[in-house]
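Just so you know, all these numbers are worked out from the coordinates, no wet-lab data involved. The structure displayed is predicted, hence computed values, not measured ones. Note: ideal-geometry Cβ built from the backbone for every residue, glycine included; neighbour counts use all protein chains shown.
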Amino acid sequence: MIVFKSVSKSFKGFLAVKDVTCEIHDQEIFGLLGPNGAGKTTLIMTMATVYRPTKGEVIVEGHSASAEPGTVKSLIGISFQDPKYDRILSAREILEWHGKVTGVEKPVRDKRIDEVLGKFGLTAEARKRTWTLSGGTKKKIENAKVFVQRPKIAVFDEPTAYLDVPSRLMVWDMIDELRDEGSTVLLATNMMDEADRMSDRVGIMNKGEMAQVGEPAGLKGSLKGRDVIEMTLDLVIPELTSEVSKVEEVKEARFEGDTLKIVLSNGRGLLPYLINVVSAKGGKVQSVNLKEPSLEDVFLYYTGMKLS
Amino acid sequence: MSGKPSTLSVIWVLVERDLRTLVKSPFILINRTIFFLIQLFVFAALVSKLATALGFNYFDFYSVGAVVSTITSIAFIIGEDLFEEEELGLLDYLLSLPFGHSLFVIGRALGGAVRGLIYVTPMMILVAYVDGYFSPVGVAGSLAIIFVLATGISGLSITLAMMIRNANRFDIVIALAELATVRVSAAIYPLVYMPKVLQPIASYSPVTSASDLVRAIVLPGYTAGAYETVVLLLFVGIFFGLGSAFLFRKIEGGRFE
């Protein structure tokens with residue numbers, strides 16, 4: 001388990017992380033969301049002992065990151081947002097060195113390197129200097145470091161940035177596999193579909209603070225009155241708007257052309273009842289569209305941001 | 001799952017990283033070797049002819065000093081490497097790996113020294129040959145002295161990097177430090193011919209000590225012993241300690257400044 005206890009981190013007076021308190025459970029995938037500059041990377045680096053907290057404490061598997069940095073670092077593997085390795089070296093050399101320095105025994109290391117390079121389709125390029133490779137390939141090598149290490153706590157910062165769709169799916173599967181083998185995964189991302197698909201729980205950071213923590217479904221459900229049902233009818237029945245508005249969960253109902261648009265909470269649960277109301281007034285439903293809040297809506301709500 | 005590697009394996013892996021990057025840059029090795037050969041066979045041979053009139057074999061004297069000053073210059077590079085790693089964000093990665101900051105400095109200083117030793121080993125063998133010295137044990141002993149000096153210079157370079165924390169300022173300071181350690185020493189000219197005011201400073205220089213110790217092994221008529229050894233070891237101890245235990249321990253990721 002990872003415990004952040006009132007963690008703050010400032011750089012020359014600028015407070016990058018403000019009083020963050022949060023727990024990450026064993027073997028969960030914890031999605032860390034937030035706009036650029038929200039403090040995600042600073043929080044991760046504080047956990048990894050690269051930065052020292054200005055205030056508060058991070059406890060990793062029962063060890064204080066400040067008092068026992070060596071032990072904490074031996075539990076953590078990080079795939080950085082921007083690839084960080086010697087670009088004069090080849091992918092195989094980078095992975096060999098990383099495996100060696102993180103204590104992966106040679107026979108296991110060799111096997112894992114071959115496996116990971118194979119999965120990423122990098123076997124043919126494994127001996128080329130990495131500075132000659134594309135951005136996506138460099139990113140795969142950065143991720144591969146953690147898959148070779150297989151640490152107790154695996155941190156991925158934007159793991160699928162620059163990657164094509166098959167590679168993204170591959171990385172997601174490999175992260176799932178890592179968790180199934182016993183790792184706890186901290187996934188920092190700006191991609192809401194990635195966070196929604198991968199995370200058991202998410203934490204939303206904004207301006208250095210942890211604005212909200214919860215399961216994606218729970219957070220989406222917490223946005224009351226944001227479901228939208230659009231029912232296209234065979235004819236416009238004006239009194240339907242007042243009839244539907246009698247339902248407590250309905251915030252708004254109006255016709256847009258021949259479509260009855262209802263803004264409400266719990267749209268999925270109330271849909272059968274609302275269809276019955278329409279039928280009782282002599283209307284025929286030709287099509288229905290239910291739109292529920294996405295994790296993107298949750299993100300925008302808690303960060304106070306708007307889509308341009 | 002991965003584990004926590006032993007202290008020795010961490011030091012070795014850090015040294016190995018410097019060696020891996022070294023073999024990928026043969027151009028630097030070739031460049032330094034050509035520079036050394038020109039200094040030895042053009043500059044030293046020429047000055048030696050002028051100095052012969054004084055009854056002094058400058059070529060032999062200079063040949064040893066050239067090896068010592070070459071490794072001094074190479075060992076200073078480690079500080080520049082740290083700034084480069086900081087700029088590329090590599091330092092964050094290195095600091096996140098499972099070893100302490102002190103071990104990191106020790107590994108880097110030793111890596112810098114081993115890298116330097118690889119550069120100068122062929123030069124030292126060549127110098128021993130042209131100076132007419134053929135004992136492999138003596139050459140190995142000379143290389144050991146040079147290696148000790150290089151670890152101290154690497155420690156000094158890391159210490160300066162941690163104190164200055166600005167790449168541009170570091171470049172200037174390191175150029176001056178290199179100039180001072182090599183020029184204010186008995187590496188390339190005898191102490192007696194130096195300005196009187198600089199002689200006492202040069203006599204405390206680790207570069208002087210290393211040069212004198214190697215000359216005492218390779219060249220007939222030169223002596224050196226306990227004093228030079230103590231100066232050299234003190235220098236290494238101080239800058240290893242300053243760099244690792246005192247200054248680098250406080251470093252964090254991100255930018256140095």
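Suppose the Debye formula is applied to equal point scatterers at every Cα of the protein assembly as shown; what is log10 I(q)/I(0) at q = 0.13 Å⁻¹?
Per q value, in the given order, log10 I(q)/I(0) is -1.21.
Roughly what % of DSSP beta bridges within the protein assembly as shown run antiparallel, to the nearest 5? It would help to have the intermediate numbers written out before the result.
Details: 38 of 56 bridges.
Bridges in the protein assembly as shown that DSSP calls antiparallel: roughly 70 percent.
Please go through the residue pairs A:LYS73/A:LYS111; A:LYS12/A:LYS139; A:LYS9/A:LYS138; A:LYS73/A:LYS145; A:LYS220/A:LYS281; A:LYS106/A:LYS145 and name each one whose alpha carbons sit more than 22 Å apart in this structure. Walk me through the intermediate numbers first.
Details: A:LYS73/A:LYS111 24 Å; A:LYS12/A:LYS139 31 Å; A:LYS9/A:LYS138 30 Å; A:LYS73/A:LYS145 15 Å; A:LYS220/A:LYS281 32 Å; A:LYS106/A:LYS145 15 Å.
Over 22 Å apart, Cα to Cα: A:LYS73/A:LYS111; A:LYS12/A:LYS139; A:LYS9/A:LYS138; A:LYS220/A:LYS281.
Can you give me the Cα centroid spacing of the range B:43-60 and the range B:137-153 in angstrom?
26 Å
Beyond a 31 Å Cα-Cα separation, which of these cross-linked pairs lie in this structure: A:LYS152/A:LYS207; A:LYS5/A:LYS84; A:LYS152/A:LYS224; A:LYS40/A:LYS128; A:LYS55/B:LYS4?
Details: A:LYS152/A:LYS207 29 Å; A:LYS5/A:LYS84 29 Å; A:LYS152/A:LYS224 37 Å; A:LYS40/A:LYS128 33 Å; A:LYS55/B:LYS4 28 Å.
Beyond 31 Å between Cα atoms: A:LYS152/A:LYS224; A:LYS40/A:LYS128.
Using only the Cα atoms of the range B:1-72, construct the convex hull and provide its projected area averaged over every direction, in square nanometres to one decimal. It would help to have the intermediate numbers written out before the result.
On the way: hull surface 28.0 nm².
Dividing the Cα hull surface by four gives the mean projection, 7.0 nm².
Please report how far the C-alpha centroid of the range A:140-204 lies from that of the range B:157-201, rounded to the nearest whole angstrom.
Measuring centre to centre over Cα atoms gives 49 Å.
Could you line up B:LEU179, A:LEU187 from fewest to most neighbouring Cβ atoms inside 10 Å?
With the sparsest Cβ surroundings first, the list reads B:LEU179, A:LEU187.
For the range A:80-136, which GluC sites (Glu not before Pro) are in a loop by DSSP, counting at most 16 other Cβ atoms within 10 Å? The partial results should precede the final answer.
On the way: sites: A:GLU93, A:GLU96, A:GLU105, A:GLU115, A:GLU125; in loops: A:GLU105, A:GLU125.
Sites meeting the loop and neighbour criteria: A:GLU105.
Mind listing the long-range amide H neighbours of A:SER10? Cut-off is under 5 Å, sequence gap 5 or more, other chains count too, H placed in the peptide plane at 1.01 Å from N.
Residues meeting the criterion, in which the H sits 1.01 Å from N, are A:ALA16, A:THR54.
Normalising by the residue count of chain A, find the relative contact order in percent from Cα pairs under 8 Å and 6+ residues apart. If you can, show how the numbers build up before the last one.
Details: 583 pairs, mean separation 59.9, N = 308.
After rounding, I find 19 percent.
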